[in-house]
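Q: One structure follows; several queries about it will come next.
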Amino acid sequence: MSAMSNKYKKIVEEILGLAGVKINGTNPWDIRVHNDGFYRRALTEGELGVGESYMDGWWDAGRLDEFMFRILSAQLDKKIRPRFSILVKLFNARFFDLHAKRKAFIIGEKHYDLGNDLFQNMLDKRMNYSCAYWKDATSLDEAQENKLEIICRKLYLNPGMRVLDIGCGWGPFGKYAAEKYNVEVVGITVSKEQVKLGRELCEGLPVEFRLIDYRDVNEKFDRIVSVGMIEHVGYKNYRTFFEIANKCLKDEGLFLLHTIGSVKSVKSTDLWLHKYIFPIGMVPSAAQLGKAIEGLFVMEDWHNFGIDYDKTLMAWYNNFVNNWDNFKHNYSERFFRMWEYYLLSSAGSFRARNRDQVWQIVLSKKGIPGGYQSFR
């Protein structure tokens with residue numbers, strides 16, 4: 001190892017030590033470094049270098065989720081200053097509208113259209129790709145059904161209602177609500193693969209799939225639901241998102257928003273996630289959401305169950321690994337490490353509790369007469 005490489009290693013050792021992580025240690029959260037170039041990449045490229053070097057096989061951890069939990073709990077991500085070229089990318093993400101309407105279908109093409117085989121082998125039987133609700137649940141299927149049921153209850157669904165599902169995925173909410181509550185659902189998505197499979201899964205039910213951007217909806221609904229979609233809207237468009245929802249919701253209606261939430265307002269995104277997982281992803285804060293709904297909606301209920309995403313992500317990871325042989329012929333080993341890093345680092349982030357949350361927010365246009373009664 002060169003003198004410079006040894007210097008980088010010592011700095012990384014000191015930083016990791018603040019979180020109780022050792023290099024080539026014996027704890028499951030300790031890391032094993034296979035390429036000394038890792039130290040320089042970690043220090044100069046931040047989260048992008050750490051993630052890419054994991055994909056390249058330069059380092060491993062027995063429990064990557066526990067490693068990330070300790071790193072984020074100690075807020076070590078704030079102690080690394082990326083080099084200038086990385087800062088330029090962050091600047092571009094902040095000041096250029098990556099979420100303009102002309103780019104609306106990028107997330108569908110780059111992520112949700114990766115292959116239905118991947119998601120069918122990873123998700124629950126209803127194909128919910130958002131945080132489950134684990135109260136009194138013993139399996140992923142039960143926890144996801146809990147989530148769908150609590151959404152329906154919070155929306156006070158009644159037979160014959162017409163519901164708009166913004167970012168409907170493969171239609172798990174639409175199918176459940178149509179079957180259990182006898183409502184009609186219009187689901188919109190920017191993923192061709194989701195529309196294709198969703199129509200098959202919901203065949204015979206009053207569930208319609210449309211391949212359109214949310215800004216193209218222009219009709220009235222009794223209820224609106226959006227689960228895990230506003231994370232692709234971008235801070236410059238939060239207000240527009242809620243204006244569309246307000247326009248499309250009947251005066252006496254309810255709107256439930258389910259989203260990952262950040263404890264801090266941001267105007268850029270994690271560069272590794274942006275490059276490899278969610279090309280235009282951005283997590284809203286309470287302040288950003290509050291400003292965006294001002295004058296449009298009354299906030300009736302705000303429910304945080306962020307810790308449940310840790311358990312959900314670990315269940316997805318176990319399904320992904322256990323079923324890998326079923327679909328690995330369509331993906332590379334580097335993809336496996338990329339997806340592994342995505343799921344386990346995300347689980348560690350929600351476990352840390354100091355950055356990422358999960359919120360369900362219920363909104364009305366004029367306030368519910370006599371007050372809104374929520375469910376938990």
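The values are calculated or read from the model by the stated rules, or taken from the named source; none is laboratory data. Predicted, not measured: the structure shown is a model, and the values here were computed from it. All Cβ positions, even for glycine, are placed from backbone atoms using ideal geometry, and neighbour counts span all protein chains on display.
Q: Being at positive phi and touching a residue at least 40 places away in the same chain (Cβ under 8 Å) is the filter here; which residues of region 359-376 pass it?
A: 367
Q: Follow-up question, since we're still on this one. Is region 145-165 home to any residue that is part of a loop (DSSP other than H, G, I, E, B), modelled with pLDDT of 95 or more and either closer than 30 Å to residue 275 by Cα or of a type in the set (D, E, K, R) (or both)?
A: Scanning region 145-165, I find no residue that is part of a loop (DSSP other than H, G, I, E, B), modelled with pLDDT of 95 or more and either closer than 30 Å to residue 275 by Cα or of a type in the set (D, E, K, R) (or both), so the answer is no.
Q: Being in contact (Cβ under 8 Å) with a residue 12 or more places away in the chain, aliphatic (A, V, I, L, M) and surrounded by fewer than 14 Cβ atoms within 10 Å (Cβ to Cβ) is true for just one of 315, 287, 347. Which residue is that?
A: Answer to the selection: 287.
Q: Let me ask something additional. Suppose we filter region 232-248 for residues that are outside any helix (DSSP H, G or I) and farther than 25 Å from residue 273 by Cα; how many remain?
A: 0
Q: For residues that are touching a Leu at 6+ places or on another chain (Cβ under 8 Å) and either among the aliphatic types (A, V, I, L, M) or in a helix (DSSP H, G or I) (or both), scanning just region 214-226, find the one that is farthest from residue 162 (Cα to Cα).
A: It comes out as 217.
Q: When residues of region 1-40 are filtered for being closer than 18 Å to residue 345 by Cα, among the charged types (D, E, K, R) and buried (at least 17 other Cβ atoms within 10 Å of the Cβ), how many remain?
A: Qualifying residue count, region 1-40: 1.
Q: Being in contact with a Gly (Cβ under 6 Å, 6 or more places away or on another chain) and either not small (Gly, Ala, Ser) or not assigned by TED's automatic domain parsing to the domain that holds residue 350 (or both) is true for just one of 131, 168. Which residue is that?
A: Only one candidate qualifies: 168.
Q: Just give me the residues in region 222-268 being over 20 Å from residue 150 (Cβ atoms) and among the aromatic types (Phe, Trp, Tyr), in sequence order.
A: 235, 238, 241, 242
Q: Right, next: Quick check, is residue 32 closer than 28 Å to residue 3 by Cβ, at pLDDT 95 or above, among the basic types (Lys, Arg) and not assigned by TED's automatic domain parsing to the domain that holds residue 321?
A: yes
Q: Quick one: is residue 301 assigned to a helix (DSSP H, G or I), touching a residue at least 40 places away in the same chain (Cβ under 8 Å) and surrounded by 16 or more Cβ atoms within 10 Å (Cβ to Cβ)?
A: It is false that residue 301 is assigned to a helix (DSSP H, G or I), touching a residue at least 40 places away in the same chain (Cβ under 8 Å) and surrounded by 16 or more Cβ atoms within 10 Å (Cβ to Cβ).
Q: What are the residues in region 350-375 that are surrounded by fewer than 16 Cβ atoms within 10 Å (Cβ to Cβ), closer than 17 Å to residue 69 by Cβ and not charged (D, E, K, R), if any?
A: Answer for region 350-375, where residues must be surrounded by fewer than 16 Cβ atoms within 10 Å (Cβ to Cβ), closer than 17 Å to residue 69 by Cβ and not charged (D, E, K, R): just 354.
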